[in-house]
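Structure first, then comments.
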Amino acid sequence: MSQKPIDLSKLKLSDLDLRPSKVAAAMLGKPWQPGGSFRQFIESLPQVLSADDLRAAAGAIVAARRAGRPVMLGMGAHVIKVGLSPLIIDAMEQGILTGLAFNGAGVIHDTEMALAGRTSEDVAEALADGSFGTARQTGEFINAAVAADPEAGLGRAVGRAILEAAPACVQVSLLAAAARLGLPATVHVSIGADIIHMHPSFDGAATGRASHVDFRLFTAQVGELKGGVYVNLGSAVVLPEVFLKALSAARNLGHEAKDFTTVNMDMLRHYRPMTNVVTRPVLTGGRGINITGHHEINLPLLLAMVKEALAV
């Protein structure tokens with residue numbers, strides 16, 4: 001090993017004016033001016049990294065809807081718990097979203113919000129005495145709706161039941177909104193993962209049948225995704241896995257499911273969303289975008305950007 005410092009006097013220097021650079025003055029952000037419009041706020045964001053990804057995601061959704069192509073939203077239950085249901089319902093009503101997909105917990109929180117106007121119990125406290133997950137109305141309502149008509153699919157069966165029951169907070173139910181608007185809302189259940197699976201009223205056969213109907217419906221939508229957008233919002237495992245299998249099945253059956261945009265939005269980067277949503281599905285064409293951050297900030301921002309662009 002050398003014991004003498006290297007001589008840098010003959011280092012070959014390059015020209016700054018000729019060297020390629022990743023950041024230029026035109027890309028920098030602009031200070032916010034009080035009283036400005038939302039469009040001016042969007043334009044003030046730096047043209048780099050996640051700000052550009054957010055613009056790209058909004059642009060892909062706008063382009064898809066203007067071309068009459070689908071925009072599907074697959075979402076975890078936390079999205080409901082951070083207060084975003086009214087925004088998603090508005091996006092459905094405005095024709096921005098063409099279909100929803102939930103994990104099993106999503107239908108629980110959506111139903112509880114409709115029935116009681118509140119959800120999300122203190123798990124640690126309730127687990128101590130075994131009362132966690134035992135709310136009678138939640139299990140009885142969902143399980144009865146599914147058992148009554150499993151062939152309708154789980155999302156449609158529960159959505160219709162909420163609409164018919166017309167509880168006090170029906171207006172914040174995503175499933176009820178989908179049923180009212182005639183939009184597909186599918187639920188993809190992992191047996192044993194949700195509180196209602198331990199209730200006496202639970203019918204595993206009916207739930208499995210209904211969720212499989214929903215998987216087939218979801219696969220049909222994925223088969224029509226060419227030129228559209230699939231957004232995975234806050235699901236780290238279940239929906240990325242379901243999306244990948246649905247995509248493979250759709251392609252196997254001859255559907256030209258390629259040349260679309262996928263967007264993953266979550267608080268952390270997880271393996272399955274990055275691999276099964278952002279990377280693998282668009283290897284045959286399209287673009288995958290990842291946006292890291294809190295749902296209650298990034299989704300309102302994305303939807304507002306879309307609405308602003310569509311209003312032009």
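Quick look at the numbers
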{"read-out": "Pairwise FRET efficiency - Arg39 versus Glu241, Cβ, R0 = 41 Å, nearest 0.05", "value": "0.60"}
{"read-out": "Between 0 and 90°, nearest 10: helix 154-165 axis offset from the chain longest Cα axis", "value": "60 degrees"}
{"read-out": "Ascending count of other beta-carbon atoms within 10 Å, so fewest first, for Ile142, Ile162", "value": "Ile162, Ile142"}
{"read-out": "Net lengthening on full extension, Lys12/Ala165 (0.36 nm per residue, minus Cα-Cα)", "value": "47.4 nm"}
{"read-out": "Between helix 204-222 and the chain: long-axis angle, C-alpha atoms, 0 to 90°, nearest 10", "value": "40 degrees"}
{"read-out": "Estimated inter-spin distance, Asn252 and Thr279, nm [label 7 Å along Cα→Cβ]", "value": "2.3 nm"}
{"read-out": "Residue-span extension gain [Ala24 to Gln47] - 0.36 nm each, minus C-alpha spacing", "value": "7.3 nm"}
{"read-out": "Label-to-label distance, nm, for residues given as Asp122 and Arg136 (7 Å Cα→Cβ offset)", "value": "2.3 nm"}
{"read-out": "For segment 239-312 versus segment 1-36, the gap between their alpha-carbon centres in whole angstrom", "value": "34 Å"}
{"read-out": "Cβ crowding within 10 Å averaged over residues, with 264-275, 249-260, 228-239 ranked highest first", "value": "228-239, 264-275, 249-260"}
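Quick note: the coordinates plus some simple rules give every number you see, no bench work behind them. Keep in mind that this is a model prediction, so the values were computed, not measured. No Cβ is skipped: glycine too gets one built from the backbone with ideal geometry, and neighbour counts run over all protein chains shown.
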